[in-house]
1. Measure off 7 Å from each Cα along the Cα-to-Cβ vector at residue 116 and residue 154, then give the distance between these two points in nanometres to one decimal.
2. Using only Cα atoms, what Kirkwood radius does the chain have, in angstroms?
3. Summarise the accessible area of the chain (1.4 Å probe, protein heavy atoms) by the percent that is carbon and sulfur.
4. Could you please state, rounded to a whole Å, how far the C-alpha centre of the range 8-38 is from the C-alpha centre of the range 46-60?
5. Taking the Cα-to-Cβ direction at residue 145 and at residue 35 and moving 7 Å from each Cα, how far apart do the two end points lie in nm?
6. Taking the Cα centre of the chain as the origin and placing charges on Cβ (Lys, Arg +1; Asp, Glu -1), which of 23, 107, 69 is farthest toward the positive end of the dipole?
7. Counting helices only, and only those DSSP H runs with n ≥ 4, report the 222 nm mean residue ellipticity of the chain as the sum of -39,500 (n - 2.57) divided by its residues, in deg cm²/dmol to the nearest 500.
8. Over the chain, what is the relative contact order in percent, taking alpha-carbon pairs closer than 8 angstrom and at least six residues apart?
Amino acid sequence: MRILITGGAGFIGSALVRHVIQHTEHEVLNLDKLTYAGNLESLTSIASNSRYEFVQADIIDQATVSAVLARFEPQAIMHLAAESHVDRSIDGPSDFIQTNIVGTYSLLEAARGYWQTLAEPQRSAFRFHHVSTDEVYGDLHGMDDLFTETTPYAPSSPYSASKARPIIWFAPGSAPTVCRCC
Ligand SMILES: NC(=O)c1ccc[n+]([C@@H]2O[C@H](COP(=O)([O-])OP(=O)(O)OC[C@H]3O[C@@H](n4cnc5c(N)ncnc54)[C@H](O)[C@@H]3O)[C@@H](O)[C@H]2O)c1
């Protein structure tokens with residue numbers, strides 16, 4: 001498979017990219033803006049692998065993302081790029097709204113445009129994975145209110161609200177971590 005991973009220079013994204021390159025035969029294109037949270041040194045061990053490519057870009061830049069999709073022709077997108085630090089979201093929510101909501105929307109629009117160019121069976125097989133967070137369920141108060149897949153969303157910070165928003169748009173009434181594109 002060819003997998004486009006966003007946010008692949010981050011904490012979890014870089015572990016995912018390393019895992020896919022080191023333990024599968026899949027090809028990876030890592031699209032990352034390289035904010036303060038991105039660190040290419042995390043990818044040194046796989047950076048020269050012929051199945052790995054890095055593109056520095058912002059997910060909100062729909063034209064660039066669309067061009068990358070048309071060239072790389074992925075079978076799946078794994079969307080991890082985000083502003084992810086809760087305390088930073090309380091100090092200044094703007095970047096969280098831009099990347100986690102507007103950026104995710106822009107990425108979804110680019111993905112839909114690409115998906116519409118696919119013929120069957122590639123179209124049905126295509127997947128868009130949006131990586132969420134347990135924080136969309138709000139706060140735990142003890143052992144009696146553990147989260148389940150049917151727990152209603154109750155985000156309690158600008159970060160968790162910005163992560164909940166795209167899922168509510170595209171899968172109203174449910175809380176998937178994986179959704180079929182568009
Ligand atoms: N770290 C956790 O404990 C945790 C827990 C649950 C869910 N998550 C989710 O997992 C995903 C990855 O988390 P992480 O800890 O690796 O995050 P991180 O903050 O370490 O990395 C985020 C990456 O996204 C990139 N990025 C930010 N804005 C971008 C943009 N506009 N365009 C392109 N790239 C951009 C950054 O450069 C960085 O490399 C996030 O979606 C996060 O919400 C994280």
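The values are calculated or read from the model by the stated rules, or taken from the named source; none is laboratory data. Keep in mind that this is a model prediction, so the values were computed, not measured. Positions of Cβ are backbone-derived with ideal geometry, glycine not excepted, and every protein chain shown enters the neighbour counts. Just the protein is used for accessible areas: all its heavy atoms, side chains included, with ligands, DNA and RNA removed. Shrake-Rupley method; radii C 1.70, N 1.55, O 1.52, S 1.80 Å.
1. My value for the distance between the label points is 4.0 nm.
2. On the way: mean 1/r = 0.0590 Å⁻¹.
Its Kirkwood hydrodynamic radius stands at 17.0 Å.
3. Values: 5220 of 9700 Å².
Its accessible area is 54 percent carbon and sulfur atoms.
4. Rounded to whole Å, the Cα centres lie 8 Å apart.
5. Calculated label separation equals 2.9 nm.
6. 69
7. Numbers: 6 runs with 59 residues, N = 182.
After summing the helix terms and dividing by residue count, I get -9500 deg cm²/dmol.
8. 21 percent
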